[in-house]
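Data first, discussion second: the structure below is written as structure tokens.
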Amino acid sequence: MIPGVRLSDLNRAMKDMCVCCRQLMERLHVVQIDSLATERLLELRREVCKEWGISEADLLRPSKVASVVKIRRDFAKRARAGHYGFHEISKALGRHHSTVISLVHGKKQHKRVRR
């Protein structure tokens, strides 16, 4: 939560935004933080972005550019190493939890079975 800003004022301001801006604000987690664990996860996200020289907004955009996906994968693997669940990580990235599973474990190559 932003210091000095009431949550009710923030929610009212977000209702007046266009859909795209509101989604971006939600992805950036400019909402009340539920727990210390979530705060630590968001801090990890900031650290990863700083190390890679990318903004959090760029990380959260719906980009499939390989360089951005690589950074998301780095964040997801670090978060899993920190014992965070797929759903928590997916919320921090603004993605579906199955996307985070793919980032962490990679795509499985299935062998073709000849009949």
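The values are calculated or read from the model by the stated rules, or taken from the named source; none is laboratory data. As the structure is a computational prediction, the values presented were derived from the model and not from experiment. Heads up, the Cβs are rebuilt from the backbone with ideal geometry, glycines too, and the neighbour counts pull from every protein chain shown.
Just a few scattered comments:
- For region 93-109, the criterion of being of a type in the set (Gly, Ala, Ser), on the phi < 0 side of the Ramachandran plot and not in a loop (DSSP other than H, G, I, E, B) is met by at least one residue.
- Condition met for Ala13 (at pLDDT 70 or above, more than 25 Å from Ile71 (Cα to Cα), surrounded by 11 or more Cβ atoms within 10 Å (Cβ to Cβ) and not aromatic (Phe, Trp, Tyr)): yes
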